[in-house]
Structure formats: structure tokens, C-alpha cells
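Only one structure is covered here, and it is reproduced in the block below.
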Amino acid sequence: MGRRVVRSRGALAVFGGLIGVVLSIVVLRAVDPEAPLPSYDIESPGGWRYFRSDVDLGYGPVPGVRARSSREMDGVTIYDVRYTIDEHGLRSTPGSGAFGPAIVFFGGSFTFGEGVEDDETLPARTAAWLRDGTRIVNAGFHGYGPHQMLRSLETGRLDGVVADGVEHVFYQGIPGHVPRAAGRVTWDVAGPRYELSTDGGVVFEGPFRGEVAATATKILHRFAPTREVLERSLVAGDAEREYDEQRYVEIVARAAELARERWGARFTVIFWDEPGGTLADRLEARGLDVLRVSDALDGVRRERIVLGVDRHPNRWGHSRIARAAARPVRTARRTKM
């Protein structure tokens, strides 16, 4: 009952400001343009869009599309790259084998490889470090969190892609995935919502928002001033933050459990730990295998492995982390021998 009250108050907070916001939206559009978000120019013949709605995950890429994506800030180009999406709606991974047990990567834009070319992503660099034609599947996408990973496993949407089995699953997590898994972001309006269950796990309860609320949120998200108001209305309080973190850990733990049950696969969390942060500790306390990015960098400053102000990993950062990710794969293979 308490959770329903909190959710209702959050909805009222959003719609309380909606009337005034919508009335002023034309003015806001004229005086304060959108924030410098990435652009997506479709280069595929006959293609016209990059994103589409997804009944299970909320949204995702259009299959079989190639897009040029660029981002600028203050007249400076941060990146200008191409994204190739295959027929399954997954980012292409050069160096991946076509057959055999797969390594599957889940996560958001860090896993997808925002701001880098197809052969520079974490999954692609892992393929390069392994050098053996392993089948690599990149199931990450912009803005995703662990809830998309769990729903993907629950619905078996990758089963046809990994028909030869899965040997290892990697989930790359960041602290920002906690609010994503709680529905506290403006772009993921129809993503899968999970709540803690009485037995301590999580249970799927449908999309984050209904059709009307989702449409309103999409409108507000389009413009920088209204997006900022909306983001403030979604910030969790102290009590909610603890609930959200526990939910996050349980979502990841359930995904690991399903990866073992469905595929017999090992599961590793690659986590971007922060000084003073406790999420990596909580994941480990839950029995999960955690590869901390701070350990993978081994003293290298993070400023050297990100795309400047964009903060996504650059190609060198992906390669450094991929080298660390390849180690448990090799170790597991030696153990089987």
C-alpha cells in the first residue's frame, strides 16, 4: 500500500506541473532549445528511424539499420561514428564467430558502445582479446538498465540468437542504473517494472507508466527546461533510495539465476564502482561475481578512458575493460578442461 501511495504522489507531481508546462511549451522551444543530445542520421537504404517501441523492453533499435551518430558541445565534436544494428536488433560485433556457445553482454550505452565504432565496443574488444572466433552478442542499448536484461531473459527473446548455448553472461552496471530500474528516468516510460516480492526477490508488474502518462512524459522529455522539471519530480527520497537499491540488486541477482537456469552460463557483473559507493559491495554480498572497473583500470585515471565531457568510455577504455573481462572466460574454460 505504501508503494502505491508513493507512486501516486509521483504521478500527481508530474501532472500537477503538466498544464503549465504544456501551455508554455511553444515559448520554451523558441527561447531555450533542446540540450545537445546525440543525433542519429539513418544511412540504410529505405530506413527512416533509429528507435522503435518494444512490447517487452519499452523501446529498442530498429533491426537492420545503420546510423551515423554524432554529438557536439559548444561547437566541438565529441564523436562522429556509425552504429550497425543487425537483423535481430543487436549491435554488430566485428570479430564475433557465427557458431558455438556465446558470450552475451547486457547493459546500457556503455555496453552498446555509445560514441565508438562497431569494432571498438566492449563486446567487440572482448572478441579481439579472446582471438578464437567466440560468438559474441551485444544486447546493450542506449539508456537500458538491468530491468531490460531481466525481462529479456524472462521472455527468452535471445534464445534463437544463442541456439548453440551460452557460456558466459556479462552485465555492465553503473550507479545510474538504480534509478533506471525504478522508472525514475524520463526516456524509459514503458520499460519493464519490477517490485520486491514477499520472498525477497522481484516480480514483474507491467510497464512503468500507462499510455497517457507515457505520452505526457515523452512530450516533457523533448525540451531541456521541461525535462529538467520532470527529472526533479522523479528524484527518490531517502527511504525510496534504499528500496530502489535493494530492488536493483535483486533484479541483477534474478538475472544471474536465470542465466544459469536457462543456459548453464556463468554470470559476471562489470561494475563502475565509485569512491565511497556501496553497490559493488552489495552485489558481492548477494553472491554475485563482480569485476570492478577500478581494478580493471589498475591505477589508470578515468579521465583517460572516457570521451571527455560525454563520459562514455572511449575505445581505449573499452579495450582495457575487455581485457579484464576476457580473463574469467579463459579461467572458466581451463576449469572445464
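Some points to look at:
- Order of Asp273, Asp298 under a 10 Å beta carbon neighbour criterion, fewest first: Asp298, Asp273
- Evaluated over the chain, the Cα radius of gyration and Dmax, each in Å: 19.9, 67
- To the nearest ten degrees, helix 238-263 and the longest principal axis of the Cα atoms of the chain are 40 degrees apart.
- Taking the DSSP beta bridges with both ends in the chain, the antiparallel portion is around 55 percent.
- Neighbours of Phe99 by Cβ distance under 11 Å: Lys/Arg scored +1, Asp/Glu scored -1, total 0.
- Among Gly89, Gly75, Gly206, the residue with the largest mean-square fluctuation in a Gaussian network model of the chain, with springs joining Cα atoms closer than 10 Å, is Gly75.
- Normalised contact order of the chain, rounded percent, pairs of Cα under 8 Å and 6 or more residues apart: 16
- Nearest-ten-degree value, helix 315-336 long axis tilted from longest Cα axis of the chain: 50
- Net charge of the neighbourhood of Asp132, taken over other residues with C-beta under 11 Å away and scored Lys/Arg +1, Asp/Glu -1, is +4.
- Normalised by 2.2 N^0.38 Å, where N counts its residues, the alpha-carbon radius of gyration of segment 130-256 equals 1.18.
- Residues whose amide H lies under 5 Å from that of Ser44, counting only those 5 or more places away or on a different chain, are Arg66; hydrogens are built 1.01 Å from N in the peptide plane.
- Each Lys or Arg adds one and each Asp or Glu takes one away; over the other residues whose Cβ falls under 12 Å from the Cβ of Ser53, this sums to -1.
- Counting only alpha carbon atoms, the long axis of helix 146-155 and the longest principal axis of the chain meet at about 70°.
- Evaluated with a Cβ-only charge set (Lys, Arg +1; Asp, Glu -1), the chain carries a dipole of roughly 300 debye about its Cα centre, given to the nearest 20.
- Across every direction, the projection of the convex hull enclosing the Cα atoms of segment 190-319 has a mean area of 11.0 nm².
- Sorting Lys336, Lys218 from the fewest to the most surrounding beta carbons within 10 angstrom yields Lys336, Lys218.
Taken together, the values in this text are just the output of simple stated rules run on the coordinates, not laboratory data. Only a predicted model underlies this, so the values are computations on that prediction, with no experimental measurement involved. Note that each Cβ is placed from the backbone with ideal geometry, even for glycine, and that neighbours are counted across all protein chains shown.
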